[in-house]
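The values are calculated or read from the model by the stated rules, or taken from the named source; none is laboratory data. The shown structure was predicted, so the numbers you read here are calculated from the model rather than taken from an experiment. Cβ atoms come from the backbone with ideal geometry, glycine included; neighbour counts cover every protein chain shown.
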Amino acid sequence: MTILALDPAANQTPAALQAFLEQCQQMARRRHRDQLVSISLEVDALDPLAVLGSIFEAQELHFYVERPAEKLAAAGAEAVLQFAASGPGRFESCQEFIDEVLGNVIVVGDQGVPFAGPHFFCTFSFFDEVEGGEPFPAARVFVPRWQVATRAGRTVAVANLLVGAETDVAAAAAKVWRAHSRFGSFSYAEKIFTPDGEAPRITLSELGGSERYLACVQRAVGRIAAGDYEKIVLARAKDLVAAAPLHPLRALHGLRERFGECYAFSVANGNGQSFIGASPERLARVYGGMLTTEALAGSTGRGASEEADAALGRALLASNKDQREHRLVLDSIIRRLQPLGLQLEFPAQPGLRRLANVQHLHTPVRTALPVGVRLLDVISRLHPTPAVGGVPREAALAGIHDGENFPRGLYAGALGWLDGHGNGEFFVGLRSALIDGVKARLYAGAGIVAGSEPEQELAETTLKFAAMEEALFSP
């Protein structure tokens, strides 16, 4: 990656931009390779979700993630470069693509701003092959044509473009200039997140009904008793049909307002379908060479009063069944990451993570990342974790494939981003829905271990459905 130290203030004219792109074209000719040129500009405060909503196109790729509690929001749209893969080697294939791109990148502009420079937005489905009828590939990485991000009170707009030997540099410069000028004084589309005044008319039905799920859980408990596996996560799916097309970003706005401690996300495939949600679970994060992951398993509801809420939390911490489920997840994380030579640090006992409508047992895990180990190496070993799959992994995945009556797709998949400096963050696609015009499919799952009661697991998944149902049912 080539970083050019240009003074943005001294080069913010159309002529200077064109001259810079002409230099990039000369480099492309010398290298006999197109160059990815990434231009970053710090701008006044923007809401990346409102920006994305203002220029939303259903037929373009986009990736949006926000974690309000950490003051992070990022949007990227329109692919200037993309790559898809499937199979057991999909993580390695995506890393090779990223490495190849980074070998031909020219970076310029306000590089000291958080989230400056090119970013690679990634989605990995739950299974490593595309299931029948699923609209997303098993793995996709794309570099957006534009991205807007805000972090720690600073906002950056990034334009990414390919410059080759035959590129019309004057036209490219004019396009980038118009884009950055717009972000410098952005005008949001009106009413993009304004309620219409009445809730949409919606019908909702569960695939197979709740009785099927109860029977599936009961069979799983029997297989656990027989020693087939220690834990398996079984999910339910509901299909929703609305009277008018659903707007994924409007629903997402409601999710980010209510679940500030979660990852609010939207991923569009460029063919009209979007996958949205509010995930409580970080898969892994690397920043400045430090890796952070977590075990999140064992759940209960929230109380109507402080006393009732505290009582539910104490009961969860004292629950033998939930503690065993949680320890299975933590032990699996430790076991899977050991071959990478990591010295993991974590507390002896889990704490509580309280969300708006549910609370979980939670154990943070952190370590310094050795030289030569990268974030996708970690993701490839962790995904899918026992929090969304099971133990042992292969037996549980086979049980999920046979027991559930719908394709998971990106549900419980790995979604996130990487930059050109080894930093990145991935989360798990939970509390989510696949939106396609007037239709949506909602997902929710629960971990089954020895001692699990089918009715309790049904109640837990019903609680998890509530957040997405409320977001889609709201006016």
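Observations on the model:
- The set of residues in region 112-150 that are part of a loop (DSSP other than H, G, I, E, B), closer than 30 Å to Q25 by Cα and within 20 Å of the chain's Cα centre (by Cα) comprises P114, F115, A116, G117, P118.
- Odd one out for S274 among (1) modelled with pLDDT of 95 or more; (2) farther than 20 Å from R67 by Cα: (2)
- Flag for V378 being surrounded by 17 or more Cβ atoms within 10 Å (Cβ to Cβ), touching a strand residue (DSSP E or B) at 6+ places or on another chain (Cβ under 9 Å), assigned to a strand (DSSP E or B) and outside the structural domain of H119 (by TED's automatic domain parsing): no
- Any hit, region 449-468, residues being crowded, with 22+ Cβ neighbours inside 10 Å, outside any helix (DSSP H, G or I) and touching an Asp or Glu at 6+ places or on another chain (Cβ under 7 Å): yes
- Filter result for L283 (in contact with a Phe, Trp or Tyr (Cβ under 7 Å, 6 or more places away or on another chain) and of a type outside the set (K, R)): yes
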